[in-house]
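The values are calculated or read from the model by the stated rules, or taken from the named source; none is laboratory data. Note that this is a predicted model, so its numbers are computed, not measured. Cβ sites come from the backbone with ideal geometry, for glycine too, and all protein chains shown count toward neighbours.
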Protein chains: 2
Amino acid sequence: MIVALAGGVGGAKLADGLYRVLPPRQLTVIVNTADDFDIFGLRVCPDADTVTYTLAGVANPATGWGIADDTFETLRMLGRYGRDVWFQIGDRDFATHIARTERLRSGASLTAVTAELVTALGVTADILPMCDEPVATQVMTPSGPLEFQEYFVHRHQSDTVTGIIFRGIDQARPTGAALGALREATAVIFCPSNPVVSVGPILAVPGLRERVARHPGPRVAVSPIVGGRALRGPADRMLESLGHEVSAYGVAALYRGLVDGMVIDEIDASLAPRIEALGMKVLIAPTVMTDSNDRSSLATRVLEFCERIGQAR
Amino acid sequence: MIVALAGGVGGAKLADGLYRVLPPRQLTVIVNTADDFDIFGLRVCPDADTVTYTLAGVANPATGWGIADDTFETLRMLGRYGRDVWFQIGDRDFATHIARTERLRSGASLTAVTAELVTALGVTADILPMCDEPVATQVMTPSGPLEFQEYFVHRHQSDTVTGIIFRGIDQARPTGAALGALREATAVIFCPSNPVVSVGPILAVPGLRERVARHPGPRVAVSPIVGGRALRGPADRMLESLGHEVSAYGVAALYRGLVDGMVIDEIDASLAPRIEALGMKVLIAPTVMTDSNDRSSLATRVLEFCERIGQAR
């Protein structure tokens with residue numbers, strides 16, 4: 001059993017690779033929920049949905065998020081009703097949010113609801129929210145605090161991030177499902193997601209960082225920073241403005257004490273000695289995933305790396 | 001100022017005729033809300049929406065309800081999530097229910113929310129829910145009680161109706177907007193809607209029947225029963241199983257003391273003496289509305305009839 005920690009599109013790609021190369025029911029993805037928010041009175045869980053849609057094979061290949069070939073009639077009509085429609089939700093995607101909101105309002109946990117959606121889409125991996133309590137990332141910027149989707153989608157990540165708050169995280173608790181998966185995990189894989197606002201919230205759930213820190217199996221992270229730049233999203237700018245080195249080394253430094261190995265891109269091979277000096281093993285591999293073969297290949301390399309680390313112990 | 005009482009498709013047609021022939025802002029439609037229900041966690045108001053869509057010119061001409069050329073991707077996806085999808089909601093129609101539910105949950109009244117939707121669609125008539133409190137029609141049948149949409153849509157009105165309950169009606173109150181419209185109304189028009197489950201609930205809101213009964217201006221009803229049959233829906237079978245005569249006379253008898261005049265179809269001309277014996281004036285006119293000209297023509301005839309009744313007083 002493998003546990004992967006993931007945020008949105010980048011994390012979903014490696015999760016998909018793992019899903020493709022592992023036997024059925026051998027993968028659990030713990031997803032960030034600090035991006036979740038309410039819009040139009042519906043609960044939207046961007047990272048959980050991106051991972052679910054990706055593993056279900058229905059993700060929009062052009063954007064990475066949303067559903068392939070989705071239409072936007074509901075959103076257009078909401079615009080006619082005077083609603084702000086900067087957050088793009090397709091008609092099929094709306095069904096996910098409607099179904100989830102209905103179940104949450106009836107008292108079901110986010111873990112239970114997510115499992116229902118995942119199962120309905122035929123996915124044979126477990127996709128677990130990092131916690132059932134609502135947590136909301138706020139980014140501090142020179143213009144004041146911004147809700148995450150306001151910063152991320154509406155303002156196109158154009159603000160300088162000077163701080164991060166995970167509102168509600170103190171009330172969050174690791175779920176029984178997440179703890180159970182970690183207990184059975186032979187390895188924990190940190191997907192190439194934003195270490196600050198995607199993997200960061202997962203580790204910030206009280207108890208989870210400690211649980212990962214003392215995990216007996218190999219723990220491996222794949223750097224989302226390649227050649228000093230984020231493959232997508234604002235991770236590079238965020239690391240910089242928060243005072244971290246914008247490199248695979250900077251990511252490794254953030255994960256110090258939590259991972260046994262870092263997977264870095266070939267372009268970053270020269271960083272290996274510095275990362276090894278942090279006490280980590282390093283795997284140098286092609287980490288840019290442009291198609292599904294890339295995802296499977298990287299997943300296979302990462303799993304082999306985990307195995308080697310496990311045997312060396 | 002004209003006040004029309006209306007249910008769904010049949011009522012919406014005459015309301016549309018009135019809307020077309022009256023000057024802007026001279027029409028208020030008080031709509032039945034006892035068909036309203038929750039589905040997928042959203043509040044659906046079939047009659048209010050049918051009247052709104054019809055007056056906005058966006059109603060589906062084939063069905064009378066829903067939005068023209070709507071697509072059904074959201075509903076199809078909800079089916080994939082295991083939801084019962086017997087109640088047809090199109091993608092644009094979903095936007096209405098999402099927008100309404102969001103506003104209701106934020107504490108807005110149904111009257112206020114309906115006005116927002118009506119205004120957004122460019123309708124210059126007032127469309128008022130009969131009350132802001134939730135009321136739910138239940139029909140008693142040999143197989144037990146059924147929620148209205150279960151009876152009406154899911155079971156295709158195939159059950160014999162032995163009784164009707166408007167659950168919650170005792171807690172309902174006429175809205176200030178409805179009372180204000182009735183105060184300013186020169187005439188009250190009962191649209192050709194089901195007298196039992198469409199106009200019936202409106203009159204059952206405590207105080208509204210009395211308010212209409214003592215209305216000083218002319219009050220005229222258009223029979224939804226033509227040639228002994230309902231033009232659409234189960235009104236004919238319902239009248240019969242509830243022990244009423246299935247005719248324009250049967251409808252007039254139900255409205256006794258509430259209306260001054262009945263508009264009946266040419267095919268029912270022979271019923272005029274019996275209806276007049278109830279103390280009502282009768283207008284014999286073509287009442288079947290197959291196109292928008294029919295709607296306007298009937299509306300014009302009905303308004304002239306109101307005027308004649310008013311002058312005769």
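Things worth noting here:
- Hey, A:Ile127 among the hydrophobic types (A, V, I, L, M, F, W, C) and within 14 Å of another protein chain (Cβ to nearest Cβ) or not: no
- Which numbered condition B:Ser193 misses (of (1) assigned to a helix (DSSP H, G or I); (2) crowded, with 19+ Cβ neighbours inside 10 Å): (1)
- Residue within region B:279-297 that is assigned to a loop (DSSP other than H, G, I, E, B), aliphatic (A, V, I, L, M) and out of contact with any helix residue (DSSP H, G or I) (no Cβ under 9 Å at 6 or more places or on another chain) present: no
- Matching residues, region A:106-132, being out of contact with any Cys (no Cβ under 8 Å at 6 or more places or on another chain), among the β-branched types (Val, Ile, Thr) and closer than 18 Å to A:Gly7 by Cβ: A:Thr111, A:Val118, A:Val123, A:Ile127
- Identity of the residue in region B:89-114, under 17 Å from B:Thr28 (Cα atoms) and free of Cβ contacts under 8 Å to residues at least 60 places away in the same chain, that ends up nearest to the other protein chains (Cβ to nearest Cβ): B:Val113
- Of all residues in region B:2-43, those that are surrounded by fewer than 24 Cβ atoms within 10 Å (Cβ to Cβ), modelled with pLDDT under 95 and in contact with a strand residue (DSSP E or B) (Cβ under 9 Å, 6 or more places away or on another chain) total 1.
- Residue in region B:39-55 that is nearest to the other protein chains (Cβ to nearest Cβ), counting only those that are closer than 17 Å to B:Leu27 by Cα and not hydroxyl-bearing (Ser, Thr, Tyr): B:Asp49
- Among the residues making up region A:99-119, those that are buried (at least 18 other Cβ atoms within 10 Å of the Cβ), within 21 Å of the chain's Cα centre (by Cα) and of a type in the set (A, V, I, L, M) are A:Leu110, A:Val113, A:Ala115, A:Leu117, A:Val118.
- Of everything in region A:115-124 that is out of contact with any helix residue (DSSP H, G or I) (no Cβ under 7 Å at 6 or more places or on another chain) and over 20 Å from B:Val85 (Cα atoms), the residue that is farthest from the other protein chains (Cβ to nearest Cβ) is A:Thr124.
- Residue check, B:Arg274 over 26 Å from B:Met130 (Cβ atoms) and touching a helix residue (DSSP H, G or I) at 6+ places or on another chain (Cβ under 6 Å): yes
- Matching residues, region A:204-257, being touching a helix residue (DSSP H, G or I) at 6+ places or on another chain (Cβ under 7 Å), more than 16 Å from A:Val188 (Cα to Cα) and of a type in the set (Ser, Thr, Tyr): A:Ser247, A:Tyr249
- Residues that are more than 8 Å from every other protein chain (Cβ to nearest Cβ), of a type outside the set (A, V, I, L, M) and farther than 17 Å from B:Leu42 by Cα, drawn from region B:65-88: B:Trp65, B:Asp69
- Of all residues in region B:204-244, those being of a type in the set (Lys, Arg) and closer than 19 Å to B:Asn32 by Cα number 4.
- Just one of the listed residues (A:Ala272, A:Ala252) is outside any loop (DSSP other than H, G, I, E, B) and surrounded by 23 or more Cβ atoms within 10 Å (Cβ to Cβ), namely A:Ala252.
- Residue identified as without any contact (Cβ under 8 Å) to a residue 12 or more places away in the chain, over 17 Å from the mean Cα position of the chain (by Cα), closer than 21 Å to A:Gly8 by Cβ and part of a helix (DSSP H, G or I) among A:Glu210, A:Glu240: A:Glu240
- Hits in region A:166-190 (condition: in a helix (DSSP H, G or I) and either in contact with a helix residue (DSSP H, G or I) (Cβ under 9 Å, 6 or more places away or on another chain) or within 26 Å of A:Asp16 (Cβ to Cβ) (or both)): A:Ile169, A:Gly176, A:Ala177, A:Ala178, A:Leu179, A:Gly180, A:Ala181, A:Leu182, A:Arg183, A:Glu184
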